[in-house]
Amino acid sequence: MVSILDLPTPAVLVDLEKLEKNIKNAADQARKNNKKLWPMIKTHKSTYIARLQKDHGSDGFLCGTIDEAEVLAESGLAKALMLAYPVADEVNLKRVVRIAESGTRVILRIDNKENAKFLDEQLKKYGISLDYVVKVDVGLHRFGVSPEKVVDFVKSLERYKNLNFAGVATHPGHVYGSSNPKEVENIAKDVARKIEGVVNSLRSAGFEPEIVGTGSTPTLRFDVEEPIYTHLFPGNYIYYDRLQAMVFGSATLEDCALTVLATVLSIPQHSGGKIAIINAGSKYLGLDKGAHGIEVVKGFGHIVEHPNAVIFGLSEEVGEVDISNEPDVKVGSRINIIPNHSCITNNATSYLVGHKNGKVKRIIKVDMRNGARIAEVIANVMAD
């Protein structure tokens, strides 16, 4: 049996026991609290992992790209798909229509009238209607309608007969600016109060939302206990990462399932033995030290075998590590790095190496990776 230490580096590894434990724990909590868990696929982009999530009860998914939605629909893994972002061009909308025509329920997210008008006009040409939820802005100020304007917004969309109101959804992305677990909890509670106000206003106006959803891994442990939500859309929870463990309190470093296996290439003489060079750089570890441009952690990952070392510099293919507090680091040694942001690392590779107790068990294809379907899309456009 092949050991992970026999692998070429760099390689992206997934501890299968931790992966399955993380998936099961979240699914059990959702079921216990009568919530539907529709995972955000952008974290793993893999039908193998999506199948694990379905096996634990996920009958729907949130997709960050049309690529993800197409693969999930074609594989038969999803009864329903929600698209995380508005669809605003004809090529992508045609792809969405094809998914809907295949029998998969597709739910759009809308946050502006111009997009709604475009969608209604295009869907009328295809002779179909689609369900939508209103994206509510609860603090990130990226997408979304302000909570106090949701009712008027839904009323303004009643004229569009090819769009069917299904509810509201939000992403409390500003939680990634938190510096401790208490701040995470405060944001989760604040968002729940805002969404409860939105739902009460909708009901008073005669609208009954089928879906009331939110999604983020930092707030998941609080969201799952909020009565107002029907659907939860976390993504990162399957792996977790250094930020989730060390800042947000979502997990511990022991829970982190995804690592980058790298090799120490050099300990340059000029460093006096205080700096090591590894063969994993920004293409594998990313440059995040926090979300949305902020910095909340030091360095670019946690080295499992040498926790006092600091990855302080990255070029594209190599990293610089301060090993002044880790004198046992040697040239040629293998190290496992828990990335700051596991979603970035997952999308850096076409294949994940699944292992248990350090022994390779399977190769997992990242078959929904960004751009994976561009050839098919271009061929369809040319055929049309």
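Being in contact with a helix residue (DSSP H, G or I) (Cβ under 6 Å, 6 or more places away or on another chain), within 24 Å of Leu287 (Cα to Cα), of a type outside the set (Lys, Arg) and outside any helix (DSSP H, G or I) is the filter here; which residues of segment 325-366 pass it?
Answer for segment 325-366, where residues must be in contact with a helix residue (DSSP H, G or I) (Cβ under 6 Å, 6 or more places away or on another chain), within 24 Å of Leu287 (Cα to Cα), of a type outside the set (Lys, Arg) and outside any helix (DSSP H, G or I): Ile338, Pro339, Asn340, Ala348.
Does segment 204-211 contain any residue that is at pLDDT 95 or above and under 21 Å from the mean Cα position of the chain (by Cα)?
Within segment 204-211, one or more residues are at pLDDT 95 or above and under 21 Å from the mean Cα position of the chain (by Cα).
Starting from residues that are within 17 Å of Thr217 (Cβ to Cβ) and of a type in the set (Lys, Arg), keep the ones in segment 35-59 and report whichever is farthest from the chain's Cα centre (by Cα).
Lys35
Of these, Ala262, Ala291, which one is modelled with pLDDT under 95 and either in the same structural domain as Lys194 (by TED's automatic domain parsing) or within 23 Å of His44 (Cα to Cα) (or both)?
Checking each option against the conditions leaves just Ala291.
Quick test for you: out of Glu158, Glu183, Glu148, pick the one residue that is acidic (Asp, Glu) and within 26 Å of the chain's Cα centre (by Cα).
So the residue among Glu158, Glu183, Glu148 that is acidic (Asp, Glu) and within 26 Å of the chain's Cα centre (by Cα) is Glu183.
Could you tell me whether any residue of segment 341-349 is among the small types (Gly, Ala, Ser), more than 30 Å from Gly139 (Cβ to Cβ) and assigned by TED's automatic domain parsing to the domain that holds Ser271?
No, every residue in segment 341-349 fails to be among the small types (Gly, Ala, Ser), more than 30 Å from Gly139 (Cβ to Cβ) and assigned by TED's automatic domain parsing to the domain that holds Ser271.
So, in segment 330-380, of the ones that are among the hydroxyl-bearing types (Ser, Thr, Tyr) and crowded, with 20+ Cβ neighbours inside 10 Å, which residue ends up nearest to the chain's Cα centre (by Cα)?
Ser342
Which of (1) surrounded by fewer than 18 Cβ atoms within 10 Å (Cβ to Cβ); (2) under 20 Å from the mean Cα position of the chain (by Cα); (3) at pLDDT 95 or above; (4) under 24 Å from Ser178 (Cα atoms) is the odd one out, the single condition Gly301 does not satisfy?
(1)
The values are calculated or read from the model by the stated rules, or taken from the named source; none is laboratory data. Source: prediction; values computed, not measured. Glycine also receives a Cβ, built like all others from the backbone with ideal geometry; neighbour counts cover every protein chain displayed.
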